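A quick write-up on the structure given underneath.
The values are calculated or read from the model by the stated rules, or taken from the named source; none is laboratory data. Everything numeric here is computed off the predicted structure, so don't read it as measured data. Every residue, glycine as well, gets a Cβ built from its backbone with ideal geometry; the counts of neighbours run over all protein chains shown. Remember, those area values only see protein heavy atoms, side chains included, never the ligands or the DNA or RNA. Shrake-Rupley method; radii C 1.70, N 1.55, O 1.52, S 1.80 Å.
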Amino acid sequence: MKKMSLPKKIFLSLLLGVAVGLVCAVTDNAAFAASYLKPFGDIFVNLLKFIVVPVVLFSMIDGILSMDNMKKVGKVGWKTLVYFTGTTIVACAVGLLISNLFYTLGLFPDLSGEVGNATYVPSEFQGFMATLVGIFPSNMWQAFTEANMLQVIVIALFFGGAIMAAGEKGRLCRDIAASFYAVIERLMAFIIGLAPIGVFTYMAWVVATQGAAILGHLALVLLCAYISYLIHALIVYSFSAKVFCGIRPTAFFKGTAAAIIFAFTSASSAATLPVSKRCADELGADSDISAFVLPLGSTIHMDGTAIYQCVATVFLASCAGMQLTIGQMLLVVATATLASIGTAGVSGAGMIMLAMTLEAVGIPVSYIGLIVAVDRLFDMGRTCLNVTGDIAGALCVSTWERRKG
Ligand code: ASP
């Protein structure tokens, strides 16, 4: 038992969690799972959340400093953004294609008469310019306490750049950052070691409480989302791993398995960050590049979230008795891409951003109420994809940089 690797332990706890969850569901003990198992998962996720700001901050500063010149940071940043945007747009196309297929086959319902009781109060989207301004922190500590990841990334970029620019005089800061990062890595390793407990308890809870909800149309829209997730992963990520990095798809998915399982159960790419980093490095990414690409990716690169936004929009449009036009679909691509960039890497965030996409095409936001109950199930899959995409990105950018250098 002692020798068992962490991914194996995580996988076993996943199976055990499903089994216990099913037992709870059929014996009407979902409340037990929610009251006595889920809290242990919550403790584990709290620990992950507590470490995520320092991880992002120091891993990015460390990544920038280890690149040793701002030019390299710029080049890596540029390539990363091209990869991220490209795959997210493809993700939207895949999501729209598959969901329209489901729609055309009549697998999505028209519930326009019956949705009076679908209630969901969205948080307001403030518009693109306000979002842009909001990326720049006016108070560093507030960014940390609110765990505003885009702001934390901006802080890391500024500090990393400034420490580098300060040269010899900045050496103390450089050493402090490196030392902090080393300590945080140890802490991360400890917390990751607790993963099987979190995975088991969360899985048991999800299966116990939502097992019965996987019914009828919801099962179909979930199926639609998961087919799209799978197609995107198999085509885009396998393709990038093979063509750009020479890694066989089987080796790629085997190497990312721990992060995928972890993402599936935690539904948070930010929380999965330490595991993704380990997977990316073991698959051959350069450590300084993965330290830069992965935290950025866990905040702004969310192909799974983009697919979910597209599938959910087509589904809810159908529920509302609407058929989206080509123009509206293009609008969905644009807003879903922006929404996925703005989505925080924590569980449930993608659903909040869905309000923005629905509003853009004129679907009443209250329709989100129809899928809220199973959001966790969408979320688990989209987070897997988000994380896998980040790892693929780290590998590709590493290869491109190596070829150049
Ligand atoms: N849970 C997702 C993630 O952390 C974000 C989302 O809700 O779409 O990647």
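Residues to consider are Ala204, Ala258; find the one that is within 19 Å of the chain's Cα centre (by Cα), among the aliphatic types (A, V, I, L, M) and open to solvent by less than 20 Å² (accessible area, probe 1.4 Å). Spell out how you get there, then give the answer.
On the way: Ala204 fails: within 19 Å of the chain's Cα centre (by Cα).
Testing whether each residue is within 19 Å of the chain's Cα centre (by Cα), among the aliphatic types (A, V, I, L, M) and open to solvent by less than 20 Å² (accessible area, probe 1.4 Å) leaves just Ala258.
Looking at Ser398, Ser366, which one is away from the ligand (no atom under 12 Å from the Cβ), of a type in the set (Gly, Ala, Ser), open to solvent by 20 Å² or more (accessible area, probe 1.4 Å) and part of a helix (DSSP H, G or I)? Let's see the steps before the verdict.
On the way: Ser398 fails: open to solvent by 20 Å² or more (accessible area, probe 1.4 Å).
It is Ser366.
The conditions are (1) near the ligand (Cβ under 9 Å from one of its atoms); (2) crowded, with 24+ Cβ neighbours inside 10 Å, and Val346 fails exactly one of them. Which is it?
Val346 satisfies every listed condition except (2).
Taking Ile341 as the residue in question, decide whether it is within 12 Å of the ligand (Cβ to nearest atom), of a type in the set (A, V, I, L, M) and either crowded, with 22+ Cβ neighbours inside 10 Å or part of a helix (DSSP H, G or I) (or both). Give the derivation first.
On the way: within 12 Å of the ligand (Cβ to nearest atom): yes; of a type in the set (A, V, I, L, M): yes; either crowded, with 22+ Cβ neighbours inside 10 Å or part of a helix (DSSP H, G or I) (or both): yes.
So Ile341 fits the description; yes.
Tell me which residues, restricted to the range 274-315, are farther than 23 Å from Ala336 by Cβ, of a type in the set (A, V, I, L, M, F, W, C) and either part of a helix (DSSP H, G or I) or within 12 Å of the ligand (Cβ to nearest atom) (or both).
Correct list: Val275, Cys279, Ala280, Leu283, Ile289, Ala291, Phe292.
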